[in-house]
Amino acid sequence: MAAGSFAVDGPVIGLNSKITASVVITCIVAASSGLIFGYDIGISGGVTTMVPFLKKFFPSILRKAAEAKTNIYCMYDSQALTAFTSSLYIAGLAASLVASRLTAVLGRRNTMVLGGCTFLAGAAINGGAANIAMLILGRILLGFGVGFTNQATPVYLSEVAPPKWRGAFNTGFQFFIGIGVVAANCINYGTASHSWGWRLSLGLAMAPAAIMTAGALMISDTPSSLVERGKLAQAKQSLLKARGKDADVEAELAELVKCSEVAKAANREPFLTIFERRYRPHLVMAIGIPFFQQVTGINIIAFYAPVLFQSVGFGNDSALIAAIILGLVNLGSILVSTFVVDRYGRRFLFILGGIQMFVCQVAVAGVLAATTGVSGTKHITKGYAILVLVLMCIYAAGFGWSWGPLSWLIPSEIFPMKIRTTGQSISVAVNFGTTFVLSQTFLTMLCHFKYGTFLFYAGWIASMTVFIALFLPETKGIPLDSMIAVWERHWYWGRFVKEQVRSRRGNSH
Ligand code: BGC
């Protein structure tokens, strides 16, 4: 795409900035914030299948599992267990909304540090938990931690990365989430056979928290955030670090100052501004994208992969191994998206991944219906269980190069500076809120709908793929402050943003 075609709101600044060693290191360190979120996702799925853990906190599940010989879909259906898993998401939801103001006032980097420290405290409480209350308190702190970091990190990455490679840099966040998931699965595998294994698994969450917090303390905040907070000299330093010592950063700095002045002059509560008609397309994406990401059914697979594999006939260990394999496939596919996202664009990956996941969900439903019987009472053979695993791997790869990384990227790159952190907050809150509802309902749904559960998600995947094809404009390579052009040219959203474009043009003449 020619640069001139999107230069409607000022010069296209920073478009040709190079990748420097410093920006690569900074972004890797920042992206490592994803570790804590991933670790939690991986750990909670595994710990909730450990017998000593269930015996101590949820003994009724073990009783039920012993009686549940008749129906493989229902044996883990427990409200208390799902409440444990999903308490984190309610806390995360609240924290992510608070984080809108925090990231604006304290900066992106400091919010990441705060998130890391809170998560660390939660991990310590969970590792030492003597009763359910401690367990839930710990989880609430973990939730605050990931609420803060998931809000601040994607914005950090999008603001620091050179526009041309923003997609690739931003996928780093999802990559570290993936590393966290795999590390947690391996740790669970090692600890599962010990009576205190669950304590170690939960307590070791302190390690990724310590790593990311130390990392965040070593990097400087983003140029945009420093300008927003009036620290111009530091902003210049940060730009020089990101773009290279010899780069001419004056124009980019001036553009940031201009955007920040526009934002300050408006002087309106960002949570109100974001509801203005001209930001309708942005808002729809900030809500729609994370919602759709969750109704791909990924967390259902991630949280409950071990449970699922156990209930479709794998033994205790092989269930965890299956989850590790899924995690590794997911990791590899995120790397694919790192290389493709700025070349072929976001839309290409969304549509490819969507089709792939749709086919897999339908196929899993088919295999389960054919092998376990409509009521779920027939035993699945090992061969078919492996087929389910293969289909889930193809599904995980589809998620890994589409909805996984792109759901963090899109909300962090489409908003103008004045409502960027607010947009990201809404997006994280929707992500957590949807995860909460789904994880509360999944096991009951599996118990009642049986294999039809997978068709439910397939239906959503089909809808979201059509949604992307119709409504998401391509954003690859476009500098953050020129993003309005993609909306202006869009067949549907154009009418919503025209008003803003006209007034900007008026100002510049
Ligand atoms: C999602 C999580 C999910 C994870 C899987 C993230 O992008 O937001 O809900 O568990 O990917 O790796």
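The values are calculated or read from the model by the stated rules, or taken from the named source; none is laboratory data. Note that the structure is predicted; figures quoted are calculated from it, not measured. Every residue, glycine among them, receives a Cβ derived from its backbone with ideal geometry; neighbour counts consider all protein chains shown. These area figures cover heavy atoms from the full protein model, side chains too; ligands, DNA and RNA do not enter into them. Shrake-Rupley method; radii C 1.70, N 1.55, O 1.52, S 1.80 Å.
Tell me whether the stretch 444-451 contains one or more residues that are farther than 27 Å from F84 by Cα and either of a type in the set (A, V, I, L, M, F, W, C) or away from the ligand (no atom under 13 Å from the Cβ) (or both). Looking through the stretch 444-451, none of the residues is farther than 27 Å from F84 by Cα and either of a type in the set (A, V, I, L, M, F, W, C) or away from the ligand (no atom under 13 Å from the Cβ) (or both).
For the stretch 258-281, the criterion of being open to solvent by less than 20 Å² (accessible area, probe 1.4 Å), of a type in the set (A, V, I, L, M) and more than 20 Å from M483 (Cβ to Cβ) is met by none of the residues. The set of residues in the stretch 273-295 being within 16 Å of the ligand (Cβ to nearest atom) and either over 15 Å from W408 (Cβ atoms) or touching a Ser or Thr at 6+ places or on another chain (Cβ under 9 Å) (or both) consists of M285, A286, I287, I289, P290, F291, F292, Q293, Q294, V295. For the criterion of being within 30 Å of Q440 (Cα to Cα), within 16 Å of the ligand (Cβ to nearest atom), open to solvent by less than 20 Å² (accessible area, probe 1.4 Å) and aliphatic (A, V, I, L, M), I41 passes. Is one or more of the residues making up the stretch 215-223 closer than 23 Å to P270 by Cβ and of a type outside the set (S, T, Y)? Looking through the stretch 215-223, at least one residue is closer than 23 Å to P270 by Cβ and of a type outside the set (S, T, Y). Considering only the stretch 235-269, state which residues are touching a Pro at 6+ places or on another chain (Cβ under 9 Å) and in a loop (DSSP other than H, G, I, E, B). Across the stretch 235-269, the qualifying residue is only V249. Scanning the stretch 1-38 for residues that are in a helix (DSSP H, G or I), open to solvent by 10 Å² or more (accessible area, probe 1.4 Å) and at pLDDT 85 or above turns up A21, S22, V24, I25, T26, I28, V29, L35, F37. Looking only at the stretch 432-451, residues that are within 23 Å of E269 (Cβ to Cβ) and buried (at least 24 other Cβ atoms within 10 Å of the Cβ) come to 1 in all.
Report whether or not A168 is small (G, A, S), touching a residue at least 24 places away in the same chain (Cβ under 8 Å) and either at positive phi or within 15 Å of the ligand (Cβ to nearest atom) (or both). So A168 does not fit the description; no. Taking the stretch 474-500 as the range and being open to solvent by 10 Å² or more (accessible area, probe 1.4 Å) and either within 18 Å of I287 (Cβ to Cβ) or assigned to a helix (DSSP H, G or I) (or both) as the test, the residues that pass are L480, D481, I484, E488, H490, Y492, W493, R495, F496, K498, E499, Q500. Screening A104, A130, A80, A91 for residues that are of a type in the set (G, A, S) and touching a Gly at 6+ places or on another chain (Cβ under 8 Å) leaves exactly one candidate, A91. As an exercise: evaluate V284 against (1) within 27 Å of the chain's Cα centre (by Cα); (2) hydrophobic (A, V, I, L, M, F, W, C); (3) closer than 30 Å to C117 by Cβ and give the number of the one condition it does not meet. All conditions are met except number (3). The numbered conditions (1) within 17 Å of the chain's Cα centre (by Cα); (2) open to solvent by 50 Å² or more (accessible area, probe 1.4 Å) are all true for L387 except (1). The number of residues in the stretch 91-109 that are under 19 Å from L157 (Cβ atoms), open to solvent by 50 Å² or more (accessible area, probe 1.4 Å) and in a helix (DSSP H, G or I) comes to 1.
For the stretch 105-150, which residues satisfy the criterion of being more than 16 Å from V29 (Cα to Cα) and polar (S, T, N, Q)? Answer for the stretch 105-150, where residues must be more than 16 Å from V29 (Cα to Cα) and polar (S, T, N, Q): T118, N126, N131.
Residue check: is G45 modelled with pLDDT of 80 or more and either in the same structural domain as I132 (by the TED database) or among the aliphatic types (A, V, I, L, M) (or both)? Here the answer is no, as G45 does not meet what is asked. Each residue in the stretch 390-422 was checked for being within 16 Å of the ligand (Cβ to nearest atom), farther than 19 Å from I355 by Cβ and surrounded by fewer than 24 Cβ atoms within 10 Å (Cβ to Cβ), and 0 of them qualify. Taken residue by residue, the stretch 118-126 has no member that is surrounded by fewer than 24 Cβ atoms within 10 Å (Cβ to Cβ), among the polar types (S, T, N, Q) and touching a residue at least 12 places away in the same chain (Cβ under 8 Å).
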